[in-house]
Each structure stands twice: as C-alpha cells, then as structure tokens.
Amino acid sequence: MSSLQAPRGTFDVLPADAARRAVLETHARRILGAAGYGRIETPTYEATELFARGVGEATDIVQKEMYSFDDGGGRSMTLRPEGTAPVCRAYIEHGMHKQPQPVKLWYLSSFFRAEAPQKGRYRQFWQVGAEAIGAAGPETDAELIILMADLYRAAGVRDLHLRLSSLGTAETRREYREELAAYLHAHEDGLSPEVISRIDLNPMRAFDADDRRTQETMRSAPILLDRLAPEDAEHFERVKALLDEAGLTYQLDPALVRGLDYYARTLWEFTSGALGAQSAVGGGGRYDGLIEQLGGPPTPASGWAAGVERMLLAAGEQPVPTDVVDLFVAIAARDSPQAQDAGFKLANEARRAGLSAQLELAGRGLKGQLKHADRLGARYVAIIGDPMQISLKDMEAGDQTEIAPEAVIPTILRGSRVA
Ligand code: AMP
C-alpha cells in the first residue's frame with residue numbers, strides 16, 4: 001500500500017457512500033424546498049475574523065479547532081468550521097434584509113474542525129443546515145425543529161430524541177452568567193481545574209463537563225430557564241405548544257449548552273440512541289443578535305445544522321438504489337476498427353436517447369464481456385461483430401436476435417423502459 005493516505009480525521013466518499021449521500025440530499029431538498037428554503041453555497045474559507053466574531057472568541061471552535069492560514073497577502077483565512085456565520089455574512093453582503101422576510105436558506109456543505117477524530121467525529125464532515133433569517137416568532141423555531149425531525153425520519157435515523165431549552169435574551173443571559181459565575185466561584189472546591197479556568201470566560205460550559213464531581217456540583221447550580229424574562233418565557237411556551245400540537249416529543253434540558261456563542265432564546269439538540277459517544281445528530285437555535293454583531297441591521301434569526309455522517313450512522317444499513325444499465329455494448333470483432341467505431345457510436349447514441357449505456361473499455365474477450373455485462377446487471381447486450389449486423393441479447397429473457405444497428409435503440413426503448 002502506498003504511504004499516501006487521506007489526512008487523519010478525513011475520509012473518501014466512495015461510490016456506494018455517495019449513493020447514500022445523494023439520497024439524503026434528495027430528502028433535504030424535498031423537505032426544505034417544500035417549506036420555502038432556497039439553496040445557498042458559501043465559500044469553503046472565510047476571513048478568520050468572521051468566525052472569531054460570529055462563533056465567539058471563547059468557544060472551543062475558535063480557541064482550538066480552526067484551520068487557519070495566511071492567504072499569501074497577510075490576511076488570515078479559516079476553513080469554515082460551521083455554516084451559520086457565513087450564511088449571515090452573505091445575508092448582509094447581498095442586502096437580503098431588503099427582500100421579503102424571512103429569508104429562508106439551506107445548505108449541504110463540508111466543514112472543518114481540528115478535533116480528535118473518533119467514530120462519528122471527523123476533521124472534515126458534512127452538514128445539512130437551514131436558516132430562517134428575519135423572523136422573530138416562535139412559529140419559526142417550531143417550524144425549523146419540525147423540518148429537522150422530518151429530515152431525520154426520512155433519513156431513517158433510529159432512536160431519535162429531542163432536547164429543548166431556552167437561553168432567554170442576551171441581557172438575561174448576561175445577568176444569569178454573573179449569577180452562575182458567582183455560584184461557581186463559591187463552589188470551586190467541587191469543580192475540575194479546567195472548569196475553574198473557564199469560569200470567567202464561559203461559565204455555561206460547566207454544565208457540559210465530563211468530570212463527575214463537577215456534574216454533582218452543577219446539580220444545585222442556578223438554572224437559566226428559571227430566570228427568563230416574561231416575554232422570553234412566553235415565546236418558549238409557544239414553541240413548546242406548537243411542538244406538542246405537531247406531536248413531537250421532547251425533553252426539557254435546562255443545562256443544554258451548545259458550543260457556539262451566538263444563541264439566544266430557543267435552543268435544541270437531537271440525539272440518536274443508535275450512536276455511541278458522539279450521539280448528537282444535530283442541533284440549532286435562535287440567534288437574534290448575530291447579524292447585528294457581524295455589522296448588519298438588527299435581525300432576528302433561527303437555524304440548525306444536522307451532521308450527515310451521524311445521520312447515516314444512526315440510520316444503519318439502508319437499501320441503496322443501484323444504477324440501472326440498459327445496454328452494454330460488447331465488441332465481438334475486437335480487431336475490426338469498423339466494429340469498434342460502430343460500438344462507440346451506438347453507446348453514445350443510446351445515452352443521448354436517455355438510456356444508460358456502457359461500452360467495453362478493458363479489452364476483454366467476448367466471454368469476459370458478457371460476464372461483465374451480467375455483473376453490471378445490464379438489461380440488454382449489443383454484440384457487434386459485423387458492424388452492419390448487431391446481435392441484441394435480452395439478458396432477462398435470455399434470447400438473442402440479429403437486428404440492424406438503427407433498430408437497437410428503438411427496440412430497447414420499447415422493451416426495457418421508456419426514458
Ligand atoms: P454544531 O455545528 O457543532 O452544532 O454541530 C451540528 C451537528 O454536526 C452535530 O450535532 C453533529 O451531528 C455534526 N458534527 C459536528 N461536529 C462534527 C464532527 N467533527 N464530525 C462529524 N460530525 C460533526
């Protein structure tokens with residue numbers, strides 16, 4: 001084996017995997033398209049400042065997971081670690097606030113994070129994401145959550161759970177963070193050194209800690225859900241009521257924190273019991289302050305991202321549609337340039353007529369060609385000896401007839417499927 005391999009934490013998408021991904025993409029396009037979301041593509045890299053400002057300086061992503069590089073002109077660029085900040089940058093840059101609101105966008109793109117690789121966690125991974133920008137109401141959040149659940153259902157994700165919370169507004173959060181930081185400082189002897197070192201940077205992360213003693217201490221910590229301002233509590237009640245109405249079950253998780261700083265109000269995460277340690281299949285939340293923070297007008301917004309690899313893992317084995325081969329063109333007279341030309345022409349014309357057609361390209365003998373056609377599951381094989389006379393073999397019926405070259409395609413179109 002060559003010593004050249006895909007970089008650690010990355011993987012090749014081989015044709016069988018690509019087929020499963022294509023199915024997932026079709027589901028996403030159908031589900032999100034039907035709800036008015038338009039596809040967006042942003043560049044693979046952006047100015048580092050976008051993520052520093054957008055995702056948050058204190059987050060793990062910005063502190064240690066970004067692939068940043070000098071663009072050759074002294075500007076720092078970063079391979080996108082997430083999709084929301086780039087979509088917001090595009091919203092502002094293209095003046096989308098002047099369009100009818102909300103602007104609903106979706107993407108399927110790859111993202112890059114310098115994380116320790118393990119099953120379900122990669123350094124380059126794909127996400128399907130949806131953002132609804134310019135709508136403040138709880139209906140938007142509920143709609144987004146329901147669409148996400150619909151995507152998981154279509155993808156066949158097993159043992160799905162929804163955890164839900166609300167972070168209130170930035171102001172409530174600021175006050176709460178002070179209260180929480182004070183609580184953490186008062187209980188430092190019950191916290192891990194890492195949590196202590198982050199108290200003033202990001203006290204919410206203490207809820208995330210793996211350390212048992214810290215988890216114990218956090219059980220009596222003040223809870224943000226109890227501190228929501230009345231209008232935020234009302235907003236959250238309405239989100240919950242809409243989900244109840246849609247028959248979506250969820251678990252309230254007041255300790256839910258996601259590794260991105262821009263959230264306010266509704267926050268959610270989906271997990272799958274079919275996954276191991278990396279059980280999150282996706283998450284989202286409302287980020288009303290982000291567009292303004294990036295230099296745009298004050299704009300409410302909400303969105304989510306679902307991990308493609310995790311969805312595929314959580315769905316388990318799924319039937320993959322196999323490619324149909326309508327016609328295999330075999331060359332019996334391999335030494336005859338006329339037979340070669342006729343075969344080449346027939347395969348091209350068949351494709352132009354909407355059939356899927358393959359031509360023998362590996363120099364096999366006739367027996368090998370028929371075997372290969374069978375392996376491909378070809379419906380018909382055209383065997384070309386004398387270029388004026390073609391033997392068309394129906395691989396299902398097993399019979400073989402001699403026909404004129406121009407009769408091959410009409411015969412297949414009549415017999416196999418109408419393209
Ligand atoms: P986040 O952008 O961190 O909210 O992640 C949203 C979803 O993307 C997660 O729930 C995972 O399903 C997926 N995800 C995040 N990071 C990775 C990664 N390093 N490898 C694979 N999937 C990931």
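The values are calculated or read from the model by the stated rules, or taken from the named source; none is laboratory data. Just so we're clear, the structure is a prediction, and the values are computed from it rather than from any experiment. With ideal geometry, Cβ positions are generated from the backbone for all residues, glycine too; neighbour counts draw on all protein chains shown. We work out accessible area using only protein heavy atoms, side chains counted, and drop any ligands, DNA or RNA first. Shrake-Rupley method; radii C 1.70, N 1.55, O 1.52, S 1.80 Å.
May I ask you to work out the translational diffusion coefficient for segment 1-67 at 37 °C, viscosity 0.692 mPa s, via Stokes-Einstein with Rh from the Kirkwood sum over Cα pairs, reported in whole µm²/s? Let's see the in-between values first.
On the way: Rh = 15.8 Å.
In µm²/s, the coefficient is 208.
Given N residues in segment 242-303, what is its alpha carbon radius of gyration divided by 2.2 N^0.38 Å?
Values: Rg = 14.1 Å, N = 62, 2.2 N^0.38 = 10.6 Å.
Output field value: 1.33.
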q = 0.10, 0.13, 0.19 Å⁻¹, segment 241-366: log10 I(q)/I(0) [Debye, one scatterer per Cα]: -0.63, -0.72, -1.11
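Please compute the length gained on full extension between residue 76 and residue 317, using 0.36 nm multiplied by the number of residues separating them and subtracting their Cα-Cα distance. Show your work: numbers first, answer last.
Details: separation 241, 0.36 × 241 = 86.76 nm, distance 4.18 nm.
That works out to 82.6 nm of additional length.
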Kirkwood-based shape ratio for segment 133-279, expressed as Rg/Rh from alpha carbons: 0.99
Label-point separation, residue 211 to residue 2 (7 Å along Cα→Cβ), nm: 4.6
Accessible area of segment 227-340 divided out per residue, in Å², using a probe of 1.4 angstrom: 42
Relative packing of 134-140, 280-286, which averages over residues the other C-beta atoms within 10 Å, highest first: 280-286, 134-140
Charge sum, other residues only, whose C-beta stays under 13 Å from residue 40's C-beta, Lys/Arg counted +1 and Asp/Glu -1: +2
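So what is the diffusion coefficient of the chain in µm² per second by Stokes-Einstein at 25 °C and 0.890 mPa s, using a Kirkwood Rh over Cα pairs? Can you show the working numbers first?
On the way: Rh = 25.0 Å.
Answer from the Stokes-Einstein relation: 98 µm²/s.
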Equivalent ellipsoid semi-axes - Cα gyration tensor, segment 320-416, angstrom: 18, 15, 13
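Between residue 223 and residue 97, what's the calculated FRET efficiency when r is the beta-carbon distance and R0 is 35 Å? Round to 0.05.
On the way: r = 35 Å, r/R0 = 1.00.
Step by step, r from the Cβ atoms, then E = 0.50.
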Reachable aspartates and glutamates, given that their alpha-carbon falls under 18 Å from the alpha-carbon of residue 371 and they are not under 8 places away in the same chain: 323, 326, 360, 394, 396, 399
Point-to-point label distance, residue 170-residue 349, nm (Cα→Cβ direction, 7 Å offset): 6.8
Apportionment of accessible area to carbon and sulfur, segment 15-74, percent (1.4 Å): 55
Cut-off 12 Å between beta-carbons: net charge of the residues surrounding residue 393, Lys and Arg +1, Asp and Glu -1: -4
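Given a 1.4 angstrom probe, I'd like the percentage of the accessible area of segment 173-251 that is carbon and sulfur, rounded to a whole number.
Details: 2120 of 4670 Å².
That fraction is 45 percent.
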Cα Rg, Dmax, segment 54-118, angstrom units: 14.4, 44
Set of lysines near residue 367 by C-alpha distance (under 24 Å), chain-local residues within fewer than 8 positions excluded: 345, 393
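Any idea what the relative contact order of the chain is, in percent, if you count C-alpha pairs under 8 Å spaced at least 6 apart? Show your work: numbers first, answer last.
Working: 720 pairs, mean separation 64.7, N = 419.
Reported relative contact order: 15 percent.
Taking 30 Å as R0, compute the FRET efficiency from the Cβ-Cβ separation of residue 404 and residue 21 and round it to 0.05. If you can, show how the numbers build up before the last one.
Numbers: r = 42 Å, r/R0 = 1.42.
Approximately 0.10, to the nearest 0.05.
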CD proxy at 222 nm, helix term only [per DSSP H run n ≥ 4: -39500 (n - 2.57); per residue of the chain; nearest 500]: -11000 deg cm²/dmol
Net charge contributed by nearby residues that have their C-beta within less than 11 Å of residue 295 (K/R +1, D/E -1): -1
Base-10 log of normalised Debye intensity for segment 82-216 (one unit scatterer per alpha-carbon) at q = 0.10, 0.11 Å⁻¹: -0.54, -0.65
Listed residues 355, 338, 300: farthest to the positive end of the dipole of segment 260-419 (Cβ charges): 338
Counting all C-alpha pairs of segment 14-161, share separated by more than 29 Å (%): 23
